[in-house]
Amino acid sequence: MSSLEYRSAAWARGGLLAMRSVPEAALGDRVVVRDHKGRSRNGQVIRTSADLVLVQIFEGTDNLDLERTWVRFLDQPFELALAPEVLGRVFNGVGQPRDGRPPIVSRLSRNVNGASINPAARAYPREFIQTGISTIDGMNTLVRGQKLPVFSGSGLPHNRIAAQIVRQAKLLHQSHPSPSGIGGGGEFPSPSGRGVRGEGASETRNQSFAIVFAAMGVSHSDARFFEESFEESGVLGQVATFINLADDPPIERLILPRVALTCAEYLAFDLGMHVLVVMTDMTYYAEALREIATGKGDVPARKGFPGYLYSDLAEIYERAGRIRGKNGSITMIPVVSMPSDDITHPVPDLTGYITEGQIVLSRELAAANVQPPVAVLPSLSRLMKDGIGEGMTREDHARVASQLFASYAKAQEVRSLAAIIGAEELSEEDNRYLQFAEAFENRFVSQGEREDRTIFQTLDLAWEVLSLLPKEALTRLSEKDLDAHYQQAIAG
Amino acid sequence: MSGQGRILDIQGPIVIAELPNARTGEQVKLGKPGLMGEVIAREGARAIVQVYENTEGLRPGEPATAMGEPLSVELGPGILGGIFDGLQRPLETMLAQTGERIERGLVIPAIDRAKQWPFVPQEELKVGARIAGGAILGTVQENASVVHRILVPPEVAGELIDLAPAGDYTVVDVIGRVRDRQGNIHKLHLSSRWPVRMPRPFNKRDHAVQPLITGQRIMDTFFPLLKGGKGAIPGPFGAGKTVLQQQIARWSDAQIVIYVGCGERGNELTEVLDTFPKLTDPRSGRPLMERTLLVANTSNMPVVAREVSVYVGMTIAEYFRDQGFDVVMVADSTSRWAEALREVAGRLGQMPVEEGYPAYLGSTLAAFYERAGRVESLSGGHGSVTLIGAVSPPGGDFSEPVTSHTKDIIQTFWALSKDLADARHYPSVDWLESFSLFVDTAARWWHGNIGEDWLQLRNKALRLLTEAEELNRIVNLVGVEALSGQQRWTLESARLVREGLLQQSALEAKDSFCSPEKQYLLLSLMIDIYNRGAEMLRLGMPVQELLRLPLLAKARRWKIAYGSDELEGLRQEAREIVPLFDALRAEYASPAAQRHESEGTES
Ligand SMILES: Nc1ncnc2c1ncn2[C@@H]1O[C@H](COP(=O)(O)OP(=O)(O)OP(=O)(O)O)[C@@H](O)[C@H]1O
Ligand SMILES: [Mg+2]
């Protein structure tokens, strides 16, 4: 097929352009549309037959004069040019520069849709990433190659948490073998939680580290916040940014994460870098998908979203991971806002069904001035179990986390009981649960935006608050743990 | 017979092609990359084809070829221990041949053509014998765990005109020939093919009689499933469906396990591939991977292949059933399969009835689950397929179509609860929402093999849990002080049952698998403690003192303190309960008894 220009537009609406009599256009082909003002727009073939070809236009179909719209089929899939110079650059959703600098020129370019990773080729993620945030490191541990979204609501500090993770994320390296595991429990005694681990663990974060920032539908101020945050932590040169702002055409959001992840895959699996991908906000992405789906007349499933939303989101999220025999990794932190704080809304719901856990932010905690307002009970990291414990974090980590969850869940029950019958009526033990919950929220969950806690500080802090409860209530900890870490003085 | 035609229209996974002679169900090869698909409808000369692979790059006008055969799987030695995609292509071989990304249009046989297997013919079988479908020709020791039986394919019958001697053969070597009534000669191989959408035939259905022992207390003790039964695990995201299914795949007393990852995470399959070869079957002591087969169509792989992957898994399961094995198939998640149906239906413009699902959702699910069961095979032997499907209801809402249809079909329902999972009560099986239609049949097995009062104990434990639920409602209104001593003891005992029995960590080495003996022992101990405590209260012991007994905290840890092979320790604990309560009884009963006695002498 030639790269002739066609002027046979039949109709255009909702980001879709229908073309007549374009023989043999291939599904997925890239299209360039020239409008009557001579401006060009990018598109992609989403349905093709001899009579009608349907093109999705990423810049939208507003102001198209059908008579004066010229469409060129490039006879190639949608590809992104790739070179190490992507780092430090800012692009739009289709991968064109947004920073006024020249486009990336390279002989290497890849189809932005990627191809599925063979499940037999994956390497199971198990390397602990210390984010310095206690609720994550201690209770919902992130590992390299994991996809762990932040579920949030309007006005909640998801961006600040994502930025803090980007700023603080590092690997722990055990440079000295720990004293032999015999006796367990108290291998890394660090007095009163303030101990700083100098020698045994050292952090790694070097040139092989990159960040891909994908913003869909975010405000100018949010975009600026991230840029400043990267700049401030001196990583700007290691960031590839793909931006579609709130006032940019929404259809572009459909291709943006695919473009950004093609770039991330290149950095990770071609250049061997450890890539942290921050994607915000997946809900705006899904809304753009709904818009196009409605335009195509696709059968809606829930809340007007098409039935294939799950598969579509999975194509994006499953690009995170590690590959056997390759050095790099893609760790993904998508931000998903929950419309009306509803976790059962299709976008957070389907995301939760795909990702390897979630960090859930709570409006109540935020209102009670707990920052970051992480609701630990609905939060989860599915890959935590293989990334923690002896040799990776600390021997008692899994049990401490489990005890924190159990005790805090129990404390929540006591709280709702207290709300009904009054705190005075509570038993002595129940009162201690209330104290525990307070301390847990104010000392363990709460921490400064600049406070970068080591995992050992986090675990010591956990013991501090757990020691507010009687020993007998701590059934998920072993006797050995209790002997090594329980702080009688606090228990009083 | 194959027909040639050309592509007319491409829309996502649906392609319309001009293929005048194609039949529904027939395989079609499309375009330059040779993508595989299946005819799902015919309209005049046009065939509507669902394509198992990504259709990007296809063009109208490209060729379409009908292949003359429905989608079939290859069945024979060499499939165990492997991982296949939804079309039964071996993923390890694909990895070796084409790298870490899945390429399209690959045609790779499921079983290595060059590999030889040690075939031992059935001794009694003589040339000249009349044989029919399902007859056992001989065996192949596939690995140390499994002796593969080589069967005459169901559709073949007649006179055996030759049978290969013991020796090593590939799956395509001819190992025997049969002449049918019409005089046609059928060549027999170690492997055979079967169309996935057609259930394999058997003589008759048998009653399921034996519980499937999964080593999970909430399943075996509370909501049992039988070998040959149908079960479902519905639950919101993160509630523990996959962990529970992996536990079943690990520990259940099946001989063959088919694990179908249908539209779920790639890393979950990697985890199985990583861990199963290192784990051993608690009964045979052999690596679990030897009895396991994985079918993987992860969420980022094409949707239509997801729909067929469950049929591929089921056909393989039936094949082992026909050899006389007890097979367990877990499918994670059947909702993704149903969604694939929905997507195709939607693109065909079929009328949606509920949440976009087509009207035939319920009947399709029912027909599929119906392929589970215990049967008498064509050769007169017995085998079973137990099917356990995960269900992923949107928003955790069990009234949605897939969950509600499934609930009507299955016999055991393990409902997972978000509240329990959030509180890290695992497995988060909600004891009030779950049910099993098999309790009475299972009881016969438990009574005969483990303990005669099993049913009574189990029902008592469940009753404690339900009573506690009621009592908690009262507590939440007016506080715990409003309860009587007995009621507080009921609450505490229910907690003991919850924490000491129901909660079972998949991650704790000693707790992950719990033998029936250990399950029964723990159950009887918990109920024993309850009964003895209740007696003490009747004797006048204040409930606060009872609640302070260190025994209670200890009892909650028994499950992790003693593994299934350390039951002597647990029995020792049991023996210590008696003197403990005897001492208490002496303390509380004697003054009362004395008082009673003195009253007696006075009168
Ligand atoms: N029996 C168990 N023992 C210990 N941990 C468990 C158990 N069941 C679940 N978990 C914990 O819960 C997490 C989520 O479980 P799982 O992945 O099985 O959920 P799921 O219901 O399959 O979710 P999804 O629908 O999203 O796939 C696990 O990663 C594990 O941390
Ligand atoms: Mg799962």
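Annotations for the structure displayed:
- For B:ALA41, distant residues with modelled amide H under 5 Å away: B:ILE48
- Dipole magnitude for the protein assembly as shown: computed about the Cα centre from +1 point charges on Lys and Arg Cβ and -1 point charges on Asp and Glu Cβ, it is near 2500 debye.
- At most 15 other Cβ within 10 Å, DSSP loop - trypsin sites (Lys or Arg not before Pro), the range B:64-135: B:ARG113, B:LYS115, B:LYS126
- Look at A:ILE133, B:ILE316 and count the other Cβ atoms within 10 Å of each Cβ; fewest to most, that gives A:ILE133, B:ILE316.
- The ranking of A:CYS263, B:CYS514 from fewest to most other beta carbons within 10 Å of each one's beta carbon is B:CYS514, A:CYS263.
- Cβ-based charge dipole, the protein assembly as shown, positive-most Cα from A:VAL360, B:THR270, B:THR280: B:THR270
- For B:ASP85, nonlocal amide neighbours, meaning residues 5 or more places apart or on other chains whose placed amide H falls under 5 Å from its own, are B:LEU91, B:ALA296.
- Average 1/r across all pairs of distinct alpha carbons in the range B:38-91, invert it, and you get the Kirkwood radius: 14.1 Å.
- Angle in degrees between helix A:282-296 and the longest Cα principal axis of chain A, rounded to the nearest 10: 30
- Scattering profile of the range B:460-603 at q = 0.14, 0.21 Å⁻¹ [log10 I(q)/I(0), Debye over alpha-carbon scatterers]: -0.73, -1.26
- Computed across the range A:5-76, the Kirkwood hydrodynamic radius from all distinct Cα-Cα pairs reaches 11.5 Å.
- log10 of Debye I(q)/I(0), alpha-carbon scatterers only, for chain A at 0.05, 0.06, 0.07, 0.09 Å⁻¹: -0.23, -0.32, -0.43, -0.67
- Against chain A, whose longest principal axis is taken from its Cα atoms, helix A:220-232 shows a tilt of about 60°.
- In chain A, Cα pairs under 8 Å separated by at least six residues give a relative contact order of 18 percent.
- Label-zone membership for the range B:539-578, site B:ALA586, 7 angstrom Cα→C-beta point, backbone N under 17 Å: B:576-578
- Average projected area [Cα convex hull, the range B:438-535], square nanometres: 7.3
- The share of alpha-carbon pairs in the range A:14-158 lying farther apart than 19 Å comes to 68%.
- Ordering B:VAL243, B:ALA110, B:ALA553 by Cα displacement along the dipole of chain B toward the positive end leaves B:ALA110 in first place; charges were set at the Cβ atoms of Lys, Arg (+1) and Asp, Glu (-1).
- For the range A:294-422, the square roots a ≥ b ≥ c of the C-alpha gyration tensor eigenvalues yield an a/c of 1.5 or more together with a/b not exceeding b/c, which makes the shape oblate.
- Rounded, prolate or oblate (a/c below 1.5 giving rounded, otherwise prolate when a/b exceeds b/c) for the range B:116-194 by Cα gyration tensor: prolate
- Residue order, fewest to most beta carbons within 10 Å, for B:SER363, B:SER333: B:SER363, B:SER333
- For chain B, dividing the convex hull volume of the Cα atoms by the residue count gives 179 Å³ per residue.
- Using the Karplus relation 6.51 cos²θ - 1.76 cosθ + 1.60 with θ = phi - 60°, the per-residue 3J(HN,Hα) values for the range B:244-259 come to 5, 5, 5, 4, 4, 4, 6, 9, 6, 8, 8, 8, 9, 10, 10, 10 Hz, with x marking Gly and Pro.
- Rounded, prolate or oblate (a/c below 1.5 giving rounded, otherwise prolate when a/b exceeds b/c) for the protein assembly as shown by Cα gyration tensor: oblate
- Whole-angstrom gap from the range B:100-171 to the range A:345-394, using each part's C-alpha centre: 51
- Degrees, to the nearest 10: B:454-478 long Cα axis against longest axis of chain B: 70
- Farthest toward the positive end of the dipole of the range B:209-445, out of B:VAL391, B:LEU378, B:SER404, is the Cα of B:LEU378, where the dipole comes from beta carbon charges about the Cα centre.
- Per residue, the protein assembly as shown reaches -10000 deg cm²/dmol at 222 nm when only DSSP H runs of four or more residues are counted, each adding -39500 (n - 2.57).
- Estimated at 0.36 nm per residue, the fully extended path between B:PHE435 and B:THR280 surpasses their Cα-Cα distance by 52.7 nm.
- Under the convention that each Lys and Arg Cβ holds +1 and each Asp and Glu Cβ holds -1, the size of the dipole of chain B around its Cα centre is about 980 debye.
- Share of Cα-Cα pairs in the range B:3-71 lying beyond 15 Å, as whole percent: 36
- Close amide-amide hydrogen proximity is noted between A:PHE91 and A:ARG98, A:THR241, A:PHE242, A:ILE243, each under 5 Å apart and 5 or more residues distant or on a separate chain (H modeled in the peptide plane; Pro and chain starts excluded).
- Low-density loop positions, trypsin sites (Lys or Arg not before Pro), the range A:291-397 - DSSP coil, at most 16 other Cβ in 10 Å: A:LYS303, A:ARG324, A:LYS326
Any read-out appearing in this document is the output of simple, stated calculations on the displayed coordinates, not a laboratory observation. Everything numeric in this text was worked out from a predicted model, so none of it was measured. A quick note on method: Cβ atoms are made from the backbone with ideal geometry, for glycine too, and the neighbour counts reach across all protein chains shown.
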